[in-house]
Amino acid sequence: MSSLPSQLSQRIESVAGIDPELRPATKPQFGHFQSNVALRLAKQEGAKPRDVAQRIVDQLRLDDLCETPEVAGPGFINFRIRADVLAATVTDQLADPRAGIMTVADPQRVVIDYSSPNVAKQMHVGHLRSTIIGDCFNRVLSALGHQVIAQNHIGDWGRQFGMLIEQVADEGLDLASLDLAGAEELYRRANAHLDADESFAARARERVVKLQSGDPATRQAWQRLIEISLAGFNRTYARMNVKLTDADVAGESSYNPLLAPLADDLERRGIAKVDDGALVVFAQGFDAPAIIRNSAGGYGYDVTDVAAIRYRVDELGARRIIYVTDARQHHHFELAFAVARMAGYLPDDVVAEHVGFGMVLGPGGTPIKTREGGTVTLDSLLDAAEEHAVPEIALAAIKYADLSNSLQKDYVFDAERMTQTTGDTGPYLQYAHSRCAGILREGASRGRHFDHIEVLSEPAEQELALWLTRFGETVQVVADDLTPHKLCTYLFELATKFSTFYEQCPVLKSEDPVCSSRLCLVAATKQVLATGLDLLGIVAPERM
Ligand code: ARG
């Protein structure tokens, strides 16, 4: 069954002939929804808007759904959903384990490329955002019935491994005893060594050649660095309660065997050209070409992403590919998409989109840094939030802060503010959920039963009920536009409407059927909060 507003919309369109562009009413006294359809039609017909509005109202047959619609102001039509219809809709929604989320008619295979940290480096704040946002997309799209394939495109290939492995050999380092933090220190030492010592730099370059040609000892050291890093990443994923596993890892190195054939294909078909010794593709609208193969014969970040697109379309069957990284990589992805389209690796009916996010700022409003000016690790951010709250609340605070603004915006990491249980925070929503749970426990202990909404007469009850019925369509919008902040806003509004309802409408102090009806509203609120929080990757505690 479709949502109440879309049912209403369809019926109006069948009379008016055009989309009524239904909007939520701006004030409760205007009903629940409003349309300016008569104003638009009147313009076309050269008639008076109020007359057109009245004609539409007279033709509409909505008695089973609405009160009699009202013509208002210059020719708006106001609609109020019947209380018994709202009551029945919320009752049905409560019995639905999916809380009114409808599966899509055309499920798609969707690849989401997120998290994607780099080997021998700890995850930093950019990876925090990518992981949280990607996990949310994964949950939302999966909930709608899409088949999501997570791809953790870790940086596990490239020239840096030459210096890393050469440094290990120089130091006689035992890789068995190294952890990710240790690997990162190794990275720093190798880098310093590279800058200081020309002969080391030369050996590092030879080491890259050995790695590429499959020299066993070199491969083994490389493999070990990946294992160490994955173990570190997985510890952080477990701490963050995200769904990524080793099965989702498809690092840069996995595309390595595909690069030479891809370069040949592009060159043979005249898409790529040799320019200054390098093989490049000039795409329309871009200042610089995509580098397919550099003049030294090496393959880099650009071509790896072109190969990844080809693989995701051909082998994984993707109909939509979503990339989650910080906004600064936007140009890189647009170029990779353009090249893949030119080559036919990315057919027109496959959507590729880069969701670039803003930066996390420190208290001074500048990009967050450690006291020493270094990059902040993801774990240290989790630690900072846990100074103010227990882990599951601290995590809710971070995730909500990350998701509740438009993703492109920068936001300030303020551990104290975001862990508060009041205001527009994750913990506030968890608290609202635990409050519903507490009321239901108290009701059960007093032997109160409920199974449907019979009475729904108070404005605060109706407001809450109407809002509850809008959950499913909200999730749909979030999936289409990839805008988690709309789900956050929805849930925050729900918690606010619930608070108003609870202030104005005594639940356990009233008699049945008012009491049982209100308990139903409490239970339906709890269910939508829990389901919505889960889509954000946030747990909903029964007690707080
Ligand atoms: N490893 C990269 C980084 O840390 C992100 C990779 C994003 N995904 C991709 N297919 N390029 O910035």
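Structure summary
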| item | result |
| --- | --- |
| Ranked list, fewest to most other Cβ atoms within 10 Å of each Cβ, for Thr489, Thr325 | Thr489, Thr325 |
| Cut-off 12 Å, label 7 Å out along Cα→Cβ of Arg235, residues of the range 107-130 by amide N | 122-123 |
| Computed lengthening from Asp383 to His449, 0.36 nm per intervening residue step minus Cα-Cα distance | 19.4 nm |
| Separation of alpha-carbon centers, the range 277-338 and the range 249-274, rounded to whole Å | 10 |
| For Lys399, Lys121, Lys409, Lys243, order by how many other beta-carbon atoms lie within 10 Å, fewest first | Lys409, Lys243, Lys121, Lys399 |
| Under 17 Å from the Cα of Lys27 - aspartates and glutamates, other chains or at least 8 residues apart | Glu67, Glu70, Glu458, Glu461, Glu463, Glu493 |
| Translational diffusion of the chain, µm² s⁻¹ [Kirkwood Rh, Cα pairs; Stokes-Einstein; 37 °C; 0.692 mPa s] | 123 |
| 0 to 90° range, to nearest 10: angle between helix 471-481 axis and the chain longest Cα axis | 40 |
| Simple label model, 7 Å out from Cα along Cβ direction - Asp265 to Arg189, nm | 4.3 |
| Qualifying trypsin sites (Lys or Arg not before Pro) in the range 10-109, DSSP loop, other Cβ atoms within 10 Å at most 16 | Arg61, Arg82, Arg98 |
| Charge sum, other residues only, whose C-beta stays under 9 Å from Ala204's C-beta, Lys/Arg counted +1 and Asp/Glu -1 | +2 |
| Residue-count net charge about Pro363 - beta-carbon cut-off 15 Å; Lys, Arg +1, Asp, Glu -1 | -1 |
| Tilt relative to the chain, helix 216-240 - C-alpha long axis, 0 to 90 degrees, to 10 | 20 |
| Net charge over other residues, Cβ less than 13 angstrom from the Cβ of Asn36 (K, R count +1; D, E count -1) | +2 |
| Mean-position separation - Cα centroids, the range 501-544 and the range 219-243, in angstrom | 40 |
| Bridge type composition, the chain - antiparallel percent by DSSP, nearest 5 | 45 |
| Extension reserve of the Leu65-Asp246 stretch, reckoned as 0.36 nm per residue once the Cα distance is removed | 60.2 nm |
| Theoretical gain in end-to-end length, Gln220 to Asp170 [0.36 nm per residue, Cα-Cα removed] | 16.4 nm |
| Separation in nanometres of the label points that stand 7 Å from Cα toward Cβ, at Ser406 and Leu361 | 1.5 |
| The chain: angle of helix 426-445 to the longest principal axis, Cα-based, in degrees nearest 10 | 50 |
| Spin-label model distance (nm) - Glu227 vs Asp276, 7 Å beyond Cα toward Cβ | 4.2 |
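Coordinate-derived values only; no laboratory data. As the structure is a computational prediction, the values presented were derived from the model and not from experiment. Cβ: placed from backbone, ideal geometry, glycine included. Neighbour counts: every protein chain shown.
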